[in-house]
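Below: the structure, in C-alpha cells.
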C-alpha cells in the first residue's frame, strides 16, 4: 500500500484512496499504532461518489469510525486536490453530512456540517460546561487551558461520550486543549473541538464572529461564523509518502 502522512496543525492522519468501501477498523488500528505502524491520530480513506467529489471513511486511532473531524477534513481536501481527485473548491460526503472545502496552496478552509447545542451550561466537578455538536459532540469549559486534567477529561469523556475541551480567551484570541475520544488522550489539535470552544466563547460574548485560535501545537488557525455555518481555516502539511508492507 502507498500511503500519505498528513499533519493538520499537529493533528496527524494516514490517508489513501481506493475504489472499494469496506470495514477498515482493524487496518486503522494497525496503521495508527505509533510503535508498530505508521502512527497517527486517525485514518482517512477517500472513495469515489456519484454526487459529490468524493466521500470518506474516517477512523480514530482505536479503530472506531467517527462522523467528522475538522482537521481531517482539511487534510483530506488537500490530499484529494493534490491527487487530482477533486478541484480546488470541493464538496465531499462524511457521516456528519456534506463538507465544503477550498484549497489555496498549503492553506485549506473547510465549512463544517451544521452545529447544534446538545446541553446548555451546567456545573460539574467545580467547572461550568456546555456541550455542542460540531460534527461530533464536544464538552467545553472556559475555565482555562491550565486547568486541563487528563483524569477529569477521561472521566467526563466516558460519562457524556464526548470529546473534552479546556479553553480560554486572552487578548481576543482563543486557546484550546482537547482530549479526544477514540485517541483517548490529548491531541495537538482538534478542529471540531476548537469550533465548539469558539461557539461557547461567542455565547458568553467573549469573542465575535471571527477569531484566531491556537491549539496545543500553537499553530495559528482561523474560525469564522457566516450565515450560520462554521468555517475553519489553517495550514496542512504532507509530511511523507510511505510504501507500507502488510
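Every number here is computed from the coordinates shown, using simple stated rules; none is lab data. From a predicted model like this one, the values you see are computed outputs, not experimental measurements. Neighbour counts run over all protein chains shown; Cβ positions are idealised from the backbone, glycine included.
General observations
- Degrees between helix 150-160 axis and first principal axis of the chain (Cα, 0 to 90, nearest 10): 80
- When you count the other C-beta atoms within 10 angstrom of each residue and take the mean per peptide, 48-55, 196-203, 118-125 line up highest first as 196-203, 48-55, 118-125.
- With helices as the sole contributors, the chain gives -5500 deg cm²/dmol at 222 nm; each DSSP H run of n ≥ 4 counts as -39500 (n - 2.57), and the sum is divided by every residue.
- Relative contact order (%) - criterion: Cα under 8 Å, at least six apart; region: the stretch 116-228: 20
- Legend: calculated FRET efficiency, residue 51 to residue 227, from the Cβ-Cβ distance at R0 = 22 Å, rounded to 0.05, equals 0.45.
- Peptides 180-190, 88-98, 164-174 ordered by packing proxy, namely the average of other Cβ atoms within 10 Å per residue, highest first: 180-190, 164-174, 88-98.
- Of 102, 22, 210, the one that fluctuates the most in a GNM where the chain has Cα springs shorter than 10 Å: 22
- Among 58, 232, 16, the largest mean-square fluctuation in a Gaussian network model of the chain (Cα springs under 10 Å) belongs to 16.
- Pairwise centroid distance, computed over Cα atoms, of the stretch 130-170 with the stretch 90-128, Å: 15
- Calculated mean projected area of the Cα convex hull in nm² (choose from [x] 14.8; [y] 12.6; [z] 22.6), label: [y]
- Three-way shape call for the stretch 1-121 based on the alpha-carbon gyration tensor, with the a/c threshold at 1.5: rounded
- Relative contact order for the chain: 21 percent, from Cα pairs under 8 Å spaced at least 6 residues apart, divided by residue count.
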